[in-house]
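Each remark here refers to the structure printed beneath this line.
Coordinate-derived values only; no laboratory data. These figures come from a predicted structure and were not determined experimentally. Counting neighbours? That spans all protein chains shown, and the Cβs are built from the backbone with ideal geometry, glycine included.
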Protein chains: 2
Amino acid sequence: MRNLKIDGRRLWDDIHDTGKIGGTAKGGVRRLTLSDEDRQVRDWFRTQCEALGCTVTVDGVGNMFALRPGKNPNLPPVAMGSHLDTQPSGGKFDGVLGVLSGLEALRTLHDNGVETEAPFMLVNWTNEEGSRFLPAVMGSGAHAGALAVAAVLAKTDRDGVTFGTALDAIGYRGTMPVGAQKFSAYFELHIEQGPYLEAEGKTIGVVTGVQGMRWFNGRCTGVDGHAGATPMHRRADALLTVARLVDRIDAIARSHGPHAVGTIGELTPAAPSINVVQGEVSFTIDLRDPNDAVLEVMEAEVRAAAAELAARNGTTIEIERIWRAPPIPFAAECVAAVREAAADSQFSTRDCISGASHDAAYMQSVCPSAMIFIPSAEGLSHNELESSSFEDCAAGAQVLLDAVLRYDARLGGR
Amino acid sequence: MRNLKIDGRRLWDDIHDTGKIGGTAKGGVRRLTLSDEDRQVRDWFRTQCEALGCTVTVDGVGNMFALRPGKNPNLPPVAMGSHLDTQPSGGKFDGVLGVLSGLEALRTLHDNGVETEAPFMLVNWTNEEGSRFLPAVMGSGAHAGALAVAAVLAKTDRDGVTFGTALDAIGYRGTMPVGAQKFSAYFELHIEQGPYLEAEGKTIGVVTGVQGMRWFNGRCTGVDGHAGATPMHRRADALLTVARLVDRIDAIARSHGPHAVGTIGELTPAAPSINVVQGEVSFTIDLRDPNDAVLEVMEAEVRAAAAELAARNGTTIEIERIWRAPPIPFAAECVAAVREAAADSQFSTRDCISGASHDAAYMQSVCPSAMIFIPSAEGLSHNELESSSFEDCAAGAQVLLDAVLRYDARLGGR
């Protein structure tokens, strides 16, 4: 079972062929979850898997499970997976690489007539991106029991269409109960979406865990004023308070380096106008670190800074935590399988902590899991210019195949 | 001609009666320029003036001129005026007070059978607010030759309706050539829209001039990044650069006190999302000071700060000046007439420099002009809660009448 070689060209062609489904003029992909483009790529995925003799099952939130039988039907499958939906202005690789590399792995097993110990499974998770229906990582979250199925089905997009209606419209509401599928382990290949691998010239990221995250909504209230007639010392400028908080959050994150990050990604004056001192500004905060204790300190520092800055400026501020995800360490045996698989092919490696969330983070709560990263050009992602090289994609798929085979061999006692 | 007393109750009733035209539930007024509400208040204004024996003429951009004859028809009229249009969520006093106080002054002259030396004139300027058609102060700007009539007529609102079409629709495109009406002098009563008079317990603001203003559009460009996967030291966060600029502009304005003000009133991330480091942010800047040399220094300091902050953060920034209005000192003889008129009634006074622009600023370029301020509760304006007291409105109207009578008396050599 050694020296199975994936076909990098076949994988590369799949990435570019499926990239035409929702393909954009700039070379990116717009394939929102449960859209007709999502239906098309799901149909293609099902056809490809069935051509390899796999059985494709769909659960009640549209997660797709392609099963390739193994020697021992009593073992839960060893799984690979990721997602085929994209951001509105997404790239060809985010999520897609993990599903298509899993497909390439299954093809390689098929072409070589390999019989594995456990059944193998390839999963396409619904709505990883969260662009059309919030929150992100929804399909795997429902599978892991973190999100209630009824709540998922009731989520609405900007047009008021529910998740359930959209799921029915593309014909992908399956009959398998959500969460019923069990796994021996789960492996996910993904682009890094960050700069480290490229900057250090490494091919494979051995992902040891996912950062913890905390999300907040904020609102600062001051007093609207005429920009010409309100002297500086009489102002209660909400935009000034929030602007200072942006700078302070940057400083707080840097003081907790090297992993900590802090971002204000939304900042919205309530009544924007060139000649109006803004009396109300809403904003978001995103804090991340691999260590929950660090996150706890960061949150406290951000809250203290916000209160101090608001008061200094005659304004008030409210900050509400809307989401908290603890740091997720991946299973040691799965991380070891990835590390050994990379060594098998003599790929250079670097240990990584994922800054983004992934389906694998939820899977770790129900079975041993790990992830593999490959370099993202310039660290770009959620961007039509997102890019990874032919060689790195092939390397990642090879490590994925070898890691699941190593894990499977252990299940068989070898 | 001394001891003519305006009727404060009649003025107050007019303010509240006309406030019903476009009146809002919160007690404000929404009377956008050239709307049907604007037509209604114009019709009312014309009827009131004609009832006093005045002749109402309309020019080619809808400015309305009510003429009350004097002893000497060869003298250009001594004028009062302001505007009857409001902000979308405006108050009852901004602009309205000046026109209705002029009307009350004409009524007082009429009721007392007073014949003035020069003809008197009351003006309702079109589109002072600039909320529906940009720029603001449009009618008086066209009258003063600062704006070309053809350009004014071609301005469009958000629905694509041109100023000319809207003017025709309400029947207020007059036949008098724009700018043809000449004046001996122009006086405008207005609410302060700022906090000084109320804070210092003064009744009358003797306005000695209007601040200079410079408006800018800005755009900062960095690199979009994943909020989780982009480490702090690899970011080019456009929002961080602009946030720091908000703080710096605040400091620059304060360093040039007491009059200088600097405001960022619009700040718009290009792709707002809680988990995206923003790669592009647009914004506006409003700088004001009574001294153009100070404004020159402030602009240079803002540009230097923007360049430094952008570079420090791996971003680039462009700042384009879109409007420049020099400081306008009012005519000494008109300011003196206001000061003496306030002293006649023993009202407490304070010299003011207007932070906002006004029709009087353009009028000063074509005839000697001045303004009178009364207190604005809490300095609020461009706000449905905008408020001034019965007593202050009456005081302002009395000073307006006495100032134009004093000016007129000098024209007659008394």
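Counting only other chain Cβ atoms within 10 Å of each residue's Cβ, the peptide B:351-362 averages 2. The string of couplings for the range A:147-158 from the Karplus curve (6.51, -1.76, 1.60, θ = phi - 60°) is 10, 6, 4, 4, 5, 4, 5, 8, 4, 10, 8, 4 Hz, one whole number per residue in order, with x for Gly and Pro. Across the range A:222-236, computed HN-Hα scalar couplings (Karplus, 6.51 cos²θ - 1.76 cosθ + 1.60, θ = phi - 60°) run x, 9, 4, x, 6, 5, x, 9, 9, x, 4, 6, 9, 8, 10 Hz from first to last residue, x flagging Gly and Pro. Karplus-based coupling profile of the range B:62-76, in residue order and whole Hz: x, 4, 10, 10, 9, 9, 10, x, x, 5, 10, x, 7, 7, x, with θ = phi - 60° in 6.51 cos²θ - 1.76 cosθ + 1.60 and x standing for Gly or Pro.
Basic side chains Lys and Arg get +1 at the Cβ, acidic Asp and Glu get -1 at the Cβ, and with that the dipole of chain B about its Cα centre reaches some 360 debye.
Rounded to the nearest 20 debye, the dipole magnitude of the protein assembly as shown is 40 debye, with +1 charges on Lys and Arg beta carbons, -1 on Asp and Glu beta carbons, and the Cα centre as origin. Backbone amide hydrogens, once placed in the peptide plane, bring B:Ser184 within less than 5 Å of B:Val78, B:Ala79, excluding anything fewer than 5 places away on its chain. Over the residues of chain B, the helix contribution to mean residue ellipticity at 222 nm works out to -11000 deg cm²/dmol, using -39500 (n - 2.57) for each DSSP H run of at least 4. Among rounded, prolate and oblate, which fits the range B:212-325 when a ≥ b ≥ c are the square roots of the eigenvalues of its C-alpha gyration tensor, a/c under 1.5 means rounded, and a/b larger than b/c means prolate? Prolate, because a/c is 1.5 or more and a/b exceeds b/c. Less than 5 angstrom separates the built amide H of A:Phe330 from those of A:Gly209, A:Val210, all sequence-distant by 5 or more or on a different chain. Partnerless cysteines in chain A, where a partner means another cysteine C-beta under 4.7 angstrom, comprise A:Cys220, A:Cys334, A:Cys352, A:Cys367, A:Cys393. Taken about its Cα centre, the range A:261-414 carries a charge dipole of roughly 320 debye when the Cβ of each Lys and Arg holds +1 and the Cβ of each Asp and Glu holds -1. For B:Asp224, the amide hydrogen comes within under 5 Å of the amide hydrogens of B:Gly279, counting only partners 5 or more places away or on other chains and with H modelled in the peptide plane. Between 0 and 90 degrees, rounded to the nearest ten: what's the tilt of helix A:238-255 against the longest Cα principal axis of chain A? The helix A:238-255 is inclined about 50 degrees to chain A.
The calculated FRET efficiency for B:Arg312 paired with B:His16, based on their beta-carbon distance and R0 = 56 Å, is about 0.55.
Peptide A:242-252 has a mean shielding of 5, counted as Cβ atoms of other protein chains within 10 Å of each residue's Cβ. For A:Ser282, neighbours were defined as the other residues whose beta-carbon sits under 12 Å from its Cβ, and their charges (Lys and Arg +1, Asp and Glu -1) total -3. Extending 7 Å from Cα along the Cβ direction at A:Ala169 and again at A:Asn74 yields two label points whose distance is 4.7 nm.
Taking a ≥ b ≥ c as the square roots of the eigenvalues of the Cα gyration tensor, chain B is prolate, since a/c reaches 1.5 or more and a/b is larger than b/c.
Compactness of the protein assembly as shown was expressed as the Cα radius of gyration divided by 2.2 N^0.38 Å, which yields 1.23.
Distances between equivalent label points of A:Ser389 across the copies, with each point positioned 7 Å along Cα→Cβ, amount to 7.8 nm, shortest listed first.
A label point on A:Arg312, set 7 Å along the Cα-to-Cβ line, lies at 1.4 nm from each of its counterparts in the other copies, closest listed first. The C-alpha atoms of chain A define a longest principal axis, and helix A:390-411 lies at about 60 degrees to it. Of the cross-linked pairs B:Lys155/B:Lys202; B:Lys26/B:Lys182; A:Lys92/A:Lys202; A:Lys71/A:Lys155; A:Lys155/B:Lys26, those separated by over 29 Å at the C-alpha level are B:Lys155/B:Lys202; B:Lys26/B:Lys182; A:Lys71/A:Lys155; A:Lys155/B:Lys26. For the range B:61-137, applying the loop criterion from DSSP together with a ceiling of 15 other beta carbons within 10 Å to the trypsin sites (Lys or Arg not before Pro) yields B:Lys71. Here the residues A:Glu37, A:Glu192, B:Glu308, ranked from fewest to most Cβ neighbours within 10 Å of their Cβ, fall in the order B:Glu308, A:Glu37, A:Glu192.
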